[in-house]
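Asks: Have a look at this one.
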Amino acid sequence: MTKYFGTRSEVISKREIDHEEAVRKLAGQCMVLLQNDGSLPIMATNGNIALYGSGARRTVKGGTGSGDVNSRHVINIEQGLEAVGYKITTKEWLNEYDRLAEKKHEEYMSELEAMSKENGTPVFILTFGNPFKEPQPQPITENDINNSKTSTAIYVIARNSGEGADRYNNDGDYLLSKEEIAEITLLAKEYEKFILILNVGGIIDTSAIKSIDGINAVILVGQTGSFGGYAVADVLTGNTVPSGKLSDTWAASYEDYPSAGTYSHNNGNIDDEYYNEGIYVGYRYFDTFNITPNYCFGYGLSYTNFDIEVCEVRADETQVSVAVKIKNVGDTYDGKEVVQIYYSAPQGKLDKPYQELAAFGKTNLLAPGEEQLMKISFKTTSMSSYSEEAASWILEKGDYLIRVGNSSRNTKVAAIITIDKDVVTEKLINLFKDSEKLNLMHPTRNNMYKYPGEQEEISAAKRIFIDTSKINVVAIKYNTEKPEYKDNMPEKTLTMEDILEKRATIEELTAQLTVEEMASLCVGTMRMKADSCDVIGSASINVPGAAGDTTSLMLDDRKIGNLIMADGPAGLRLTPHFQTNLDGALIVNEPEFSNLSAERMVKSDDKIDYYQYCTAVPIAWMLSQSWDMELIKTIGQIVGREMLEFHVTLWLAPGMNIHRNPLCGRNFEYYSEDPLLTGMCAAADTKGVQSYPGIGTTIKHFAANSQEDNRMFNNAHISERALREIYLKGFEIAVKSAQPMSIMTSYNLINGIHSANNYDLLTSVLRDEWNFEGFVMTDWFTSQETPSIFGNVKHKYPISSSPLCIKAGNELQMPGCKQNVDDIIAAVKDGVITLGELQNCTRNILKVISKSNFYNGVKPYTQQLCDLKWYVKTENIK
Ligand code: BGC
């Protein structure tokens, strides 16, 4: 009988309460106070509040698609405010909006059903490309205002998006709608105190907001999971002091983003995307080309103020350290500050951005008058740039300015580090040539951002000379051979038990497997209809709602366990409630199981109930805004404990693609426009999850998955320098400092080759350059001709090839179908892939399986983790 891991009681468990309470405490530290004239925190409790806006009651907890976590409940902002004692006096307006939204939702579902009938794509899949957009709110009337009996109003703007579709620079999406502008203008005029809340998963236009008089405070609360409403109320009332800082640049106008003209659907070409801005992404662009944003990278207010004093800067050939003293100089509120260190590299043969984030540190909660000393360090060679000409990371000679402050546009020059000659810090080979030429942007040196007093700071700064002869060059050995493993113990049938008991090696077990067995292991299990790929849904039968698993075909004879994988990143995505018959077969229970293969399910009147309630945590974008790696590690631990409870081995998260453009439909699932912050966050999330034995993360989508429209066939044209400095850098940091158990490739092509089939990406970079120890898997259906997903639309580029995944070192094809298995077997026969290549993939999967929580009494997953501080180090000093 199938074993299930869900609980049998519906009663809220202590674990659920503990996790939600923890999230409530942490979420406020991810919120960014954008504007405040002192109206926040709202002082009085037990007062009346007039609450309006699409997110007031229908608060968005996270985005749509696989990133949507099914939590037991979502506490909305209305409930959160009521829980801290406020009376909401605009219930009639909120009820009316509910009616409007529900009607719109019914219309939306009927439209999807009609589409589904017409083109055969299941409704569940259609929701991905066509997410429900909350309707524009009905007008606020004079009656609403008079009946609200209060001088304080709050308006909540909500936005939702998800995988499969990019956002639009339109009213009601990136732009505020006419209705929203009219309502905000009215409320700002009519109420004495008017607070605007942004319940959004990505950047929206703030110029319209800035142009309205009478807004007393604006706060970006983002999308904060199940207990979001409570967390928002805590921040509004000052129970939690917001300490988030922006992890993206908020432009004055969408057109200011360098990729705005050509991004995704904007130029009508969703087949080819040319990254002509090169390395000038986010603040690297805005500062270098001197464009003033509405809110700069790293910006965020508090309810209190801080002084940051640089005590000392030290540097040698290995490390740069900055000692800083931070003091809470306010007199009422406790608070936390984020110290940010940027460097400006000299302009040489390579042009450089005005500045780049080098390191950061967040203080403890400081009481008024309290101070903290911190030492923040980073590797000297992390200031290198990638030269395509030399195929190397290079520290070009000249002066490196070290800037310290609390946002990218509020820093002071603290020191100058001088490098006396060009130094190669790492020798690589160029791996990402494109047949098409980019028209790369280059800055004019004199037009960069500058601020009054900067020159004086530079003249007064302490100079540190580095002894460049002491810098070691890292040279990479590229290992192209995949040797065949020979069966050394033909007299014995080896099993995984032999590996766990150290009686044989993984290579010896691999050598005994047939090509058919290995092909099976390298393909996920969703192949219920034997001869077709036309299967939709979750494969994992004993963990319903999990997105997939590896094969259990060799469980009996080889004791090779199957790994279960479930989505994230905003928590663990499982089916919260399911039923089985008395024999343990799942009962069909639409729509919860609309993504499960119907062939595995029965109808029955005798039912056993199971529950898998998981915690919805703040979306990744919010987490990065905390700039607090301990906080993110704690979130990882919350997820990790739930994985262990429900027997999931791999979390299909964190997502870590770079926010190249604000319209990417999945930006909410990713952290930031900055690769260092992104890499640090993913490493911290991974360290949290992997602090428990046998389970791990799957960092995704490797790489350059910056666009959702035509996501499976989009060709991203990117220079090698931009790839290495921007789009791969975060992954490099996460791999080198946290060794995630697995990595998921992206759907898109990079310079003409599908990421899933790209040997240079998956072997030369990932294994040879970075020493990745886990396994790689494809994104879902990457190499599966599935008309129900792709429709019958013709695409400019062909689908990724299943055998080429194996050749490239993409070990596992998910969710998998029989065709994939057959194709791999045929490719070995035809010599397209060698036995050694298939064995290599098999071995890497078996390595992870052997360390997984599948086995009772398994030795803890031995994480050979370098310290997270390998990259950036923050410590308190006396
Ligand atoms: C998404 C992945 C996700 C997978 C499994 C895909 O559509 O792109 O991020 O992990 O589905 O649900």
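The values are calculated or read from the model by the stated rules, or taken from the named source; none is laboratory data. Note that the coordinates shown come from a computational prediction; the quantities given were computed from them, not determined experimentally. Here the Cβ is made from the backbone with ideal geometry for all residues, glycine too, and neighbour counts use every protein chain on show. Each accessible area value is taken on the protein alone, full model and side chains, heavy atoms only, with ligands, DNA and RNA left out. Shrake-Rupley method; radii C 1.70, N 1.55, O 1.52, S 1.80 Å.
Asks: Let me know the shape class of the range 31-240, please: from the alpha-carbon gyration tensor, a ≥ b ≥ c as square roots of the eigenvalues, rounded when a/c is under 1.5, otherwise prolate if a/b is greater than b/c, or oblate.
Replies: prolate
Asks: Sticking with this one: Under the rule of at least 5 residues apart or a separate chain, name every residue whose amide H is placed under 5 Å from the amide H of K492.
Replies: Sorted by chain and number, the residues that satisfy this come to none at all.
Asks: Same structure, new question: Heavy atoms only, probe 1.4 Å: what % of the accessible area of the range 31-240 goes to carbon and sulfur, would you let me know?
Replies: 48
Asks: Is it possible to state the helix-based mean residue ellipticity at 222 nm for the chain, with each DSSP H run of 4+ residues giving -39500 (n - 2.57), the sum divided by total residues, to the nearest 500 deg cm²/dmol? What is it?
Replies: It comes out at -7000 deg cm²/dmol, rounded to the nearest 500.
Asks: Pairs on different chains or at least eight residues apart, Cα atoms closer than 20 Å: how many lysine pairs in the range 175-283 fit?
Replies: Lysine pairs, 8 or more places apart or on different chains, close enough: 5.
Asks: Tell me, what is the 1.4 Å probe accessible area of E255, in Å² to the nearest 10?
Replies: 120
Asks: Given the protein chains as shown and a 1.4 Å probe, how many square angstrom of Y299 are accessible, to the nearest 10?
Replies: 50
Asks: Once each part is reduced to its C-alpha centroid, what is the distance from the range 147-192 to the range 283-337 in angstrom?
Replies: The range 147-192 and the range 283-337 have Cα centres spaced 31 Å from each other.
Asks: Between the range 207-226 and the range 550-578, what is the separation of their alpha carbon centroids in Å?
Replies: 41
Asks: Sorted by accessible area with a 1.4 angstrom probe, largest first, how do V74, V821 fall?
Replies: The ordering from most to least exposed comes out as V74, V821.
Asks: Still on this model: Go through Y168, Y613 and list them by solvent-accessible area, largest first, probe radius 1.4 Å.
Replies: Output order, biggest surface exposure first: Y168, Y613.
Asks: Can you pull a Stokes-Einstein diffusion coefficient for the chain at 4 °C (1.567 mPa s), Rh from Kirkwood over Cα pairs, as a whole number of µm²/s?
Replies: 46
Asks: Could you compute the net charge surrounding K794? Neighbours are other residues with a C-beta less than 15 Å from the C-beta of K794; K and R count +1, D and E count -1.
Replies: Summing Lys and Arg as +1 and Asp and Glu as -1 gives -1.
Asks: Still on this structure, please answer the following. Among DSSP beta bridges lying fully in the chain, give the percent that are antiparallel, nearest 5.
Replies: 60
Asks: Within 12 Å, Cβ to Cβ, of V60, how many net charges do the neighbouring residues add up to if Lys/Arg are +1 and Asp/Glu are -1?
Replies: Here the charged neighbours net out to +3.
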